[in-house]
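The values are calculated or read from the model by the stated rules, or taken from the named source; none is laboratory data. In this text, all values refer to a predicted model and were calculated from it rather than measured experimentally. Here the Cβ positions follow ideal geometry from the backbone for every residue, glycine too, while neighbour counts run over all protein chains shown.
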Amino acid sequence: MLVQTRNVLAGARLKTGSTLWSHNVPAFRGMNILTPTIHQNLVFTSSYDGATFGFELNKAGDSWAVKEKWKDPAQGYMSSSIIISDHVYLHLRNRRMTCFNIKTGKRKWITSKRFGEYMSMVAQDNLIVALNDRGVPLLIKASPKEFELLDSRKISDDSTWAHLVVTTNQIWVRELHTLTVFKWELPVDTISLPPDS
């Protein structure tokens, strides 16, 4: 089980809770809020007033080892990241979006535009469906080459802090006082189809 506390990222045994490995993750006042993300043997996390990290996990017999593979000065806050292929997409403390190669830590791009204080994100094929705290969902093409916003629109005047839910053709949004379901369809040219389909 993966655990991120106020100051430590750790692996724990599911049955006993005993620590398998741990590594310090510095953050202002212990504000490690986002959920760490795992890709193969790498763990990605980012901390408030700290940095963004890629940690490498290795197991030899019954022993686990963790080491910092890369570090970037970008700072996360409350928004958890998503991984598509070998790239991680993250909404930062400065309200911008960024993309990293999770294996190397190379930052591929960062937006100049700001998107609100918080953003929940869901990966769907080669797309990111995101919702910021201002009631604006965004449809983003997942690409390490550049940030590409395909569509966005304001759907609520209330705060939308809860994580959005995406199904095949619906988006569920928890507003301040209501739960609203929206029907949506993808434009054909944004869907990635397998060869010979």
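List of remarks:
- All positions within the stretch 39-74 that are acidic (Asp, Glu) and either in contact (Cβ under 8 Å) with a residue 24 or more places away in the chain or outside any strand (DSSP E or B) (or both): Asp49, Asp62, Glu68, Asp72
- Tally of residues being under 17 Å from Gln75 (Cα atoms), surrounded by fewer than 13 Cβ atoms within 10 Å (Cβ to Cβ) and modelled with pLDDT of 90 or more across the stretch 7-33: 1
- Residue that is farthest from Ser120 (Cα to Cα) [pool: residues in the stretch 75-105 that are among the hydrophobic types (A, V, I, L, M, F, W, C) and in a loop (DSSP other than H, G, I, E, B)]: Ile102
- Among residues of the stretch 124-147 being surrounded by fewer than 16 Cβ atoms within 10 Å (Cβ to Cβ) and at pLDDT 95 or above, the one that is nearest to the chain's Cα centre (by Cα) is Lys141.
- For the stretch 82-113, a residue qualifies if it is farther than 19 Å from Ser152 by Cβ and surrounded by 22 or more Cβ atoms within 10 Å (Cβ to Cβ), and the qualifying residues are Val88, Phe100, Ile102.
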